[in-house]
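The values are calculated or read from the model by the stated rules, or taken from the named source; none is laboratory data. Note that the coordinates shown come from a computational prediction; the quantities given were computed from them, not determined experimentally. Please note: Cβ atoms are built from the backbone with ideal geometry, for glycine as well, and neighbour counts cover all protein chains shown. Each accessible area value is taken on the protein alone, full model and side chains, heavy atoms only, with ligands, DNA and RNA left out. Shrake-Rupley method; radii C 1.70, N 1.55, O 1.52, S 1.80 Å.
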Amino acid sequence: MPQLHPPLSGMPLAFISLLLLLELLRFIPSVSRALPTARAILLPAVLVSAAAAFLSGYQASSSMGEISDAAKAALGTHHAVGRFVLINAALVAIFGWLARIARQGRAAFQALYYVALAVQAALTLYAGSLGGKLVFSHGVGVS
């Protein structure tokens, strides 16, 4: 079976980066008008891509042969951070949705959404750096 993790692992970063960029540029009128539609597309895309990257990571690691103890420890850290990426992606989607539909407390949900969005960007970058370290420092997935 082909390895799906390499192409799927870049998608969460692409979607979260695009959403973060649009949120930062929301004071530009043309961006502000397009933001509700962009959120409606990008919030589910962030969640689905994080789930796809997470699950494909387990598919990729299950077909590995014997690896060193250092690589096993690094892989465990990468999987743990991947879990946080997936959980936080759900929080980003939920808080984004609640900020849109809330009648009361909208500012609180928007604040939670922006915090979760920033955390998601940081976690996604960190998980990617751990994955790169697995490949380039430990040779995981290199044949």
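Structure notes:
- Within region 1-10, if we keep just the residues that are in a helix (DSSP H, G or I) and surrounded by fewer than 18 Cβ atoms within 10 Å (Cβ to Cβ), the residue that is modelled with the lowest pLDDT turns out to be PRO6.
- Test: THR37 is assigned to a helix (DSSP H, G or I), farther than 19 Å from GLY131 by Cα and open to solvent by 40 Å² or more (accessible area, probe 1.4 Å): yes
- So TYR126, is it under 17 Å from SER49 (Cα atoms), out of contact with any strand residue (DSSP E or B) (no Cβ under 7 Å at 6 or more places or on another chain), at pLDDT 95 or above and assigned to a helix (DSSP H, G or I): yes
- Residue count, region 118-139 (criterion: open to solvent by less than 60 Å² (accessible area, probe 1.4 Å) and among the basic types (Lys, Arg)): 0
- Among residues of region 64-76 that are assigned to a helix (DSSP H, G or I), those with a Cβ under 9 angstrom from a residue that is of a type in the set (Lys, Arg) and open to solvent by 40 Å² or more (accessible area, probe 1.4 Å), sequence gap 6+ or separate chain, pair up as ALA74/LYS133.
- VAL115 being open to solvent by less than 30 Å² (accessible area, probe 1.4 Å), of a type in the set (Val, Ile, Thr) and within 29 Å of GLU23 (Cα to Cα): no
- Flag if VAL92 is under 30 Å from SER137 (Cα atoms), of a type in the set (A, V, I, L, M, F, W, C) and modelled with pLDDT of 95 or more: no
- Filter result for LEU98 (within 17 Å of the chain's Cα centre (by Cα) and in a helix (DSSP H, G or I)): no
- Options GLN110, GLN104: the member that is in a helix (DSSP H, G or I) and more than 30 Å from ILE67 (Cα to Cα): GLN110
- Residues located in region 19-34, provided they are open to solvent by less than 80 Å² (accessible area, probe 1.4 Å) and under 19 Å from TYR113 (Cβ atoms): LEU19, LEU20, LEU22, GLU23, LEU25, ARG26, VAL31, SER32, ALA34
- One residue stands out among those in region 33-55 that are farther than 17 Å from ILE101 by Cβ and not aliphatic (A, V, I, L, M): the one that is farthest from the chain's Cα centre (by Cα), which is ARG33.
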